[in-house]
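**Student:** This is the structure, below, for whatever I ask next.
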Amino acid sequence: MSSSLLSEDTICAPATAPGGALAIIRISGPQTLPIVSSVCRCVTAATPANTVHYGHIANGSEVIDEVMVTIFRSPHSYTGEDSAEISCHGSRYIIQQILDLLIKQGCRMANPGEFTQCAYLNGKLDLSQAEAVADLIASNNKATHDIALSQLRGHFSSDLSRLREHLLKLTSLLELELDFSDHEDLEFADRTELLQLAQQIESHIARLAKSFETGQALKQGIPVAIVGKTNVGKSTLLNRLLGDDRAIVSNIHGTTRDTIEDTIDIQGVTFRFIDTAGIRQTTDEVEQIGIIRTYQAIAKARIVLWLLDEAPTVTEQQDMQERSEGKRLVIVITKSDKGISLASDFSFFIPHSSLIQISAKTGQGIEALERSIYQAADLPTLSSSDVIVTNARHYDALQRAHVSILHVLDGLTSGLSGDLLSEDLRQTIDLLSEITGGQITPQETLNNIFQHFCVGK
């Protein structure tokens, strides 16, 4: 890593959110031990690593707080530098007094994400792992937690590393041929074998890029549109799913005139439900706008819940089939408490749809509906080693790498010369390296990545 990117400063910041009974103040840098020992006599510059000490933080003769101090030494710390963590009481006054004292002794306040940036610059994490730290902190359900933890543990990095090894093998064979270009009868790289390997690499990169759609849905909440005619029970269903009176329920037709959104977790995955205006013929201009937004919600949704309390017409079936093309459609027969059942009237079939009966009023069938919604999401099995792309920067690099490897495939098919093929292969390698920061990453890029971290991390 370029030495110009490394700082010789010793930095400090709170590592815990304010308001708790206890707080942790993190210090990292070359002067960590001398600075901490100057404000707390329980440690010295020679205190061994991985030890915890009880003592007092004092400003001269004035005791500020009783603390526990944990010592870490380079390179076996989060940042790769000498580090310490002071556990003190959570009073804002105490925290500020300790920080002021540390700064007085030679520390400076850390910038957002600077501890993790130090970890990256010191080789403790690659860039994709460093970004996973922010994702782990921001995770709000089991799925996003598991994806971030998988990336932090290096599963994505290992996947990319294997891809790069295959690419390096390809380019090495081609460049070896170039070194012996005066021997026309020599061919170190079998073109058929190279084509097969390049096809495997292209398929892998395409699969990673495609996973971004799922990754974004998991981070933001999988969008589910609740649609149907007026008074079919859409708002009642939303309220039942949320366990709260979020939407107005009325016997008056056309009550809902705009979309209402809220989220719930189903089996560790966040779903974003969108209650919509009832679909019907109307001359009311405001209601017409609401119906247009209903169609927009269907277009943006990954799953569509089509609520029915009577058999739809053939035209309605065709319209819903067309609008839900490429999505998962769950046909929900409502108001089972009123004797409406899965009779032959509902025997029509729309491809990729499922059929379920509920009563949003009594709760009958809601658990089964939630299971159907989860199944309709068609998520990959989220094990601890799954690689799902959630970062827009990674997705952009993968898309560009995919274009480069497609050029390689075209070149192999058309008999392009080895030097031109090698150039496209090198570009693919460089683009994959951007994700992990395998090459020296400009300071501007680093600042853009780490500025969104919280202070203290």
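The values are calculated or read from the model by the stated rules, or taken from the named source; none is laboratory data. Since we're looking at a predicted model, the values are computed, not measured. A quick note on method: Cβ atoms are made from the backbone with ideal geometry, for glycine too, and the neighbour counts reach across all protein chains shown. What goes into the accessible areas is simple: the full protein's heavy atoms, side chains included, and nothing from ligands, DNA or RNA. Shrake-Rupley method; radii C 1.70, N 1.55, O 1.52, S 1.80 Å.
**Student:** To the nearest 0.05, how large is the calculated FRET efficiency for Ser161 and Met68 if R₀ is 41 Å and r is the Cβ-Cβ distance?
**Tutor:** Numbers: r = 39 Å, r/R0 = 0.95.
About 0.55, to the nearest 0.05.
**Student:** Let me ask you something else. With a 1.4 Å probe and every protein chain left in place, work out the accessible area per residue of segment 78-123 in Å², rounded to a whole number. Before the final figure, lay out each step's value.
**Tutor:** Numbers: 1850 Å² over 46 residues.
Computed with neighbouring chains in place, this is 40 Å² per residue.
**Student:** Further, regarding this structure: Suppose R0 equals 25 Å. What FRET efficiency, 1/(1 + (r/R0)^6) with r the Cβ-Cβ distance, do His352 and Ala392 give to the nearest 0.05?
**Tutor:** Working: r = 29 Å, r/R0 = 1.14.
After rounding, the FRET efficiency stands at 0.30.
**Student:** What's the Kirkwood radius of segment 30-70 in Å, using all Cα pairs? Could you put the intermediate results ahead of the total?
**Tutor:** Numbers: mean 1/r = 0.0964 Å⁻¹.
Hydrodynamic radius (Kirkwood, Cα only) of segment 30-70 equals 10.4 Å.
**Student:** Then there is this: Name the lysines eligible as straight-distance cross-link partners of Lys142: C-alpha to C-alpha under 23 Å, and not fewer than 8 places from it in the same chain.
**Tutor:** Hits, sequence-local ones excluded: Lys210, Lys219, Lys457.
**Student:** Output the Cα-based Rg and Dmax of segment 348-427 in Å, rounding Rg to one decimal and Dmax to a whole number.
**Tutor:** Final numbers for Rg and Dmax: 23.1, 71 Å.
**Student:** Hey, another quick one. So if R0 is 35 Å, what FRET efficiency would Asp378 and Asp9 give, r being the distance between their Cβ atoms, rounded to the nearest 0.05?
**Tutor:** Details: r = 49 Å, r/R0 = 1.40.
Efficiency, from the Cβ-Cβ distance: 0.10.
**Student:** Okay, next question. Tally Lys and Arg at +1 and Asp and Glu at -1 over the other residues with C-beta under 14 Å from the C-beta of Gly55: what net charge comes out?
**Tutor:** Working: positive: Arg41; negative: Asp65, Glu66, Glu85.
So the surrounding residues net to -2.
**Student:** At q = 0.13, 0.22, 0.25, 0.26 Å⁻¹, what is the log10 ratio I(q)/I(0) for segment 103-164, with the Debye formula run over Cα points and no solvent?
**Tutor:** Reported log10 I(q)/I(0), two decimals: -0.43, -0.89, -1.02, -1.06.
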